[in-house]
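A short worksheet on the structure shown next.
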Amino acid sequence: MPDWDFVNAGVNGELAYNLAMRMEDIVALDPDAVTVLIGTNDVNATFGFQAALGYIAVKKLPENPSPLFFRGNLIGIVRTLKRETRARIALFSIPPIGEEIGHYAYLRTEDYSLVIKDVAKDEGVEYLPLRERLCAYIEGLPRTTERPLGFRGFGAAQFRAGRMQRFLGKSLDEISAANRFHVLVDGIHLNTHGASMAADLAESFLRSLPAPG
């Protein structure tokens, strides 16, 4: 898409609250279109008291993480973009956490994605069903006895992935395969196959828009 300039304004580890607090930087770009993928860390922050405390301390959250807190911040993000830019807006549903079908972490992302879908409908913006596509792929795979890395191993897997890249020269897809994932690298981040599904959705959205002037 040669007529578009792309800017990745994402910041690793942020929750919707943190994104809502720095929208002026995105507004200043005067974008024609904005796709928003946020919420995985909002979900992560609900996995126990220690997780919530950690996110509150590090990310300076004004209240406990919850679906209601997430919803309010997402609405704020969308309304700021609608009010202060001329951009067409699309909201991605969030990828599953892990690939264990039926695990509470996997299912919790469905709850938050339903929030995203409701906000998109209420605010009149596009909804990009990333979680639905990823989960349909995962759930359509042949069943094997080889299980993907479990939820309790994700923290160590993220640390290990960085070391494997830096010191062993391993690619993210090689790390993904070592963890027995199909669309994820370490239980959280997308591998090439998963990311291509996100890119396809974003491209379809952008191609539906008038060419930038």
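The values are calculated or read from the model by the stated rules, or taken from the named source; none is laboratory data. This one's a predicted model, so the numbers in the text were calculated from it and none came from an experiment. Counting neighbours? That spans all protein chains shown, and the Cβs are built from the backbone with ideal geometry, glycine included.
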What's the number of the only condition in (1) surrounded by 13 or more Cβ atoms within 10 Å (Cβ to Cβ); (2) of a type in the set (Val, Ile, Thr); (3) in a helix (DSSP H, G or I) that Ile94 fails to meet? (3)
Which of the residues belonging to segment 1-25 are in contact (Cβ under 8 Å) with a residue 40 or more places away in the chain and farther than 23 Å from Asp200 by Cβ? Gly13, Glu14, Leu15, Ala16, Tyr17, Asn18, Leu19, Ala20, Met23
Do any residues in segment 53-75 that are free of Cβ contacts under 8 Å to residues at least 40 places away in the same chain have Cβ atoms under 7 Å from those of residues that are of a type in the set (Phe, Trp, Tyr) and surrounded by 16 or more Cβ atoms within 10 Å (Cβ to Cβ), where the two are at least six apart or on different chains, and which pairs are they? Glu63/Phe69
Filter segment 189-213 for residues that are part of a helix (DSSP H, G or I) and either touching a Pro at 6+ places or on another chain (Cβ under 6 Å) or surrounded by 15 or more Cβ atoms within 10 Å (Cβ to Cβ) (or both) and give the result. His193, Gly194, Ala195, Met197, Ala198, Leu201, Ala202, Phe205, Leu206
Given (1) more than 30 Å from Leu107 (Cβ to Cβ); (2) at pLDDT 90 or above, number of the condition Gly169 does not satisfy: (2)
Ile116 - would you say it is of a type in the set (A, V, I, L, M), in contact with a strand residue (DSSP E or B) (Cβ under 9 Å, 6 or more places away or on another chain) and assigned to a loop (DSSP other than H, G, I, E, B)? no
Reported set for segment 23-78 where residues are loosely packed, with under 15 Cβ neighbours inside 10 Å and either of a type in the set (D, E, K, R) or outside any helix (DSSP H, G or I) (or both) is Glu24, Asp25, Ala28, Leu29, Asp30, Gly48, Lys60, Pro62, Glu63, Asn64, Ser66
